[in-house]
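The values are calculated or read from the model by the stated rules, or taken from the named source; none is laboratory data. Everything numeric here is computed off the predicted structure, so don't read it as measured data. Neighbour counts are summed over all protein chains in view; Cβ atoms, including those assigned to glycine, are modelled from backbone coordinates with ideal geometry. All accessible areas refer to the heavy atoms of the entire protein, side chains included, with ligands and DNA or RNA removed. Shrake-Rupley method; radii C 1.70, N 1.55, O 1.52, S 1.80 Å.
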Amino acid sequence: MKKTNFWRLLGFMGAILVLLTACGKQSSAAKSSSSSAPVKITYWHRMTGSYDKALNKLITKFNQSQKKYKVVATSQGSYNALQQKIMAAGKSKTLPTMAQSPYTNIGDYVKNKLLLPFDPEMLNGSDKLSSSQLKDIYPSFLAAGKYQGKYYGLPFSVSTSVLFYNKHLMSQYNISMPKTWADFSADQDKLKGTDINAVELDQSYDVPLEGMAYGAGSQLITPKLKANLNAPKTLAAVNQILDLRKSGALKTAGEDQYFSVPFANGKAVFGIGSSATVPVLLQQAPKNLEWDTAVIPEYEGKRSNPLNGNYNVLFKGASKAQQDGAWAFQKFLLKSENAAQWAEDSGYVPVTKSASNSAGFKNYLKTHEQYKAAVSAVPQSFASTVFAGYTDYRNDLMSAVDSTLTKNVSGETAFDQLQKETEKILKANQ
């Protein structure tokens, strides 16, 4: 009896050992399966419609090009909604791995301790950019994302400002291509008795003003954080715009928000706005509208072009694997063929010289000539100065502009007040 129990016990223990071994193998297999799953890179952006479709095409291409990372993107619908979501997520510690952001937001994000620089991966990592790859990125584009000596933002959807022109109206009223801003006044003389304006701007003139002031040697906010908002050269540019508006030569879009609406309806010979408007007009303007683009006119003998658009930023809280994945995705976007594809699909400017000079993009320009001026404007492009408090400054700038347009406040009064408010912001954030 004792022998029988012994062998039964031995058999029972053997069965347990087999079961434990099987469980161990299953546990190891589960761990192996888990470790082989791609690292998830959450990515927030503001692209909608055709832009969202074009971005998802690139993301799918990246995800299929390798098995280590998977980018999962979410559109927040607008810049304002995206920024609000980021600030809220920063407080609740639910930030994504990376996101799009206007480069001018970088100072505020760094102040709130939300960002990680790309420097470790981009400049020092095993997959860093070579010297030639760094030089391939347009210098002004690369400089825009650098803050306090580190690259907190890298270019992706960058646009320049261009002059849109209606070929039919120019021919009908014998109007030549304007060389200077003052030429718009003479153009309006030829349009007397019509409801057509020589030039239309977006709802605010802040972007054209920044370009004009910079070209005149009066950068609105200098890299040393000196405000020139009521400097004589800045006020001269403000008054040039307001005088043109008073004469009827220049109109701001008002409720339409963007110049493209009245321009597409034949209510303006010229329009000045972001090159990202090109695909919008190609899709929405009447098919019989004959139009093209050119570089914006000179002011004080120079053409200066403030950069617009958004950059990619990396957030604190990302694991080392996620940081590596975010860099892998950003480096993928910088590849010539991908940068060119994004430019073709979105209307933004290629962020690298090799993309602009690629055979594919050059062939694209042959059949889409409206994009040429955006690339031609790159040599005159410059970045706005990034600083903590920029969001407050921009809100005040927009209010100052609006007061001159809707309340008939003089340029001197509005920008004197803006100077005082901005100096307070700069002092509080130093």
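Here, segment 45-123 has an Rg and a Dmax of 13.9, 36 Å when only alpha carbons are counted.
Phi angles of segment 351-360 translate, via the Karplus equation with coefficients 6.51, -1.76, 1.60 and θ = phi - 60°, into HN-Hα couplings of 8, 10, 5, 5, 5, 5, 8, 5, 4, x Hz per residue; Gly and Pro are given as x.
What Kirkwood hydrodynamic radius do you get for segment 323-430 when you take the inverse of the mean 1/r over all pairs of distinct Cα atoms, in Å?
Mean inverse Cα-Cα distance, inverted, gives 17.3 Å.
Between Asp402 and Ala321, the modelled label-to-label distance comes to 4.7 nm, taking each label 7 Å out from Cα in the direction of the beta carbon. Using the beta-carbon distance between Thr222 and Asp52 and R0 = 30 Å, what value does 1/(1 + (r/R0)^6) give for FRET efficiency, to the nearest 0.05? Approximately 0.25, to the nearest 0.05.
Plainly put, segment 267-325 has a radius of gyration that is 1.22 times its Kirkwood radius, both from alpha-carbon atoms, as the Rg/Rh ratio. Projecting the Cα atoms of Leu116, Met98, Gln203 onto the charge dipole of segment 96-246, computed from C-beta unit charges around the Cα centre, puts Leu116 farthest toward the positive end. Residues of segment 260-276 falling in the label zone of Met177, defined by backbone nitrogen less than 20 Å from a point 7 Å along Cα to beta-carbon, are 268-276. Here's how it looks for Thr385: its modeled amide H is under 5 Å from those of Ile221, which are all 5 or more places away or on a different chain. Which FRET efficiency value, to the nearest 0.05, do you get for His368 and Gln284 by plugging their Cβ-Cβ distance into 1/(1 + (r/R0)^6) with R0 = 22 Å? After rounding, the FRET efficiency stands at 0.90. Using the Cβ-Cβ distance between Lys420 and Asp243 with R0 = 30 Å, the FRET efficiency computed as 1/(1 + (r/R0)^6) comes to roughly 0.75.
Rolling a 1.4 Å probe over the protein heavy atoms of segment 255-384, with every protein chain left in place, gives an accessible area that is 46 percent carbon and sulfur.
In units of the rule-of-thumb radius 2.2 N^0.38 Å, the chain shows an alpha carbon radius of gyration of 1.24. Given the chain, what percent of its DSSP beta bridges are antiparallel, to the nearest 5? If we restrict to bridges inside the chain, about 60 percent are antiparallel. Between the helical axis of 320-334 and the longest alpha-carbon principal axis of the chain there is an angle of about 40 degrees. The order of the peptides 304-312, 168-176 by mean Cβ neighbours within 10 Å, most packed first, is 304-312, 168-176. Phi angles across segment 275-281 convert, under the Karplus curve 6.51 cos²θ - 1.76 cosθ + 1.60 with θ = phi - 60°, into 3J(HN,Hα) values of 5, 5, 7, 3, x, 5, 5 Hz, Gly and Pro given as x. Taking segment 93-194 as the region of interest, the number of lysine pairs whose Cα atoms are within less than 18 Å, with members eight or more places apart or on different chains, is 13.
Computed from Cα atoms, the angle from the helix 49-65 axis to the main principal axis of the chain rounds to 40 degrees. Peptides 413-425, 261-273, ordered by how many other C-beta atoms sit within 10 Å of their residues on average, highest first, read 261-273, 413-425. Taking the C-alpha atoms only, the angle from helix 411-428 to the longest principal axis of the chain is near 30 degrees. Fully extending the segment from Lys353 to Ser130 would add 78.8 nm, taking 0.36 nm per residue of separation and subtracting the current Cα-Cα distance. Phi angles of segment 301-309 translate, via the Karplus equation with coefficients 6.51, -1.76, 1.60 and θ = phi - 60°, into HN-Hα couplings of x, 9, 10, 10, 10, x, 6, 10, x Hz per residue; Gly and Pro are given as x.
Fully extending the segment from Lys111 to Lys40 would add 22.9 nm, taking 0.36 nm per residue of separation and subtracting the current Cα-Cα distance. In whole angstrom, segment 161-282 maps to an equivalent ellipsoid with semi-axes of 26, 16, 12, each derived as √(5λ) from the alpha carbon gyration tensor and ordered largest first. Under 5 Å between amide hydrogens, built in the peptide plane, is the criterion, and for Tyr311 it picks out Ser101, Tyr103 among residues at least 5 positions away or on other chains. Loop-located trypsin sites (Lys or Arg not before Pro) in segment 43-149 (DSSP state not H, G, I, E or B) with no more than 10 neighbouring Cβ atoms inside 10 Å: Lys67, Lys93, Lys113.
Across the chain, the mean sequence separation of Cα contacts (distance under 8 Å, 6 or more residues apart), normalised by length, yields a relative contact order of 24 percent. Evaluated at q = 0.19, 0.23 Å⁻¹, the base-10 log of the normalised Debye intensity for segment 260-377, with identical point scatterers placed on the Cα atoms, takes the values -1.07, -1.32. Close amide H partners of Thr42, meaning residues 5 or more places away or on another chain with modelled amide H under 5 Å apart, are Val72, Thr97, Met98.
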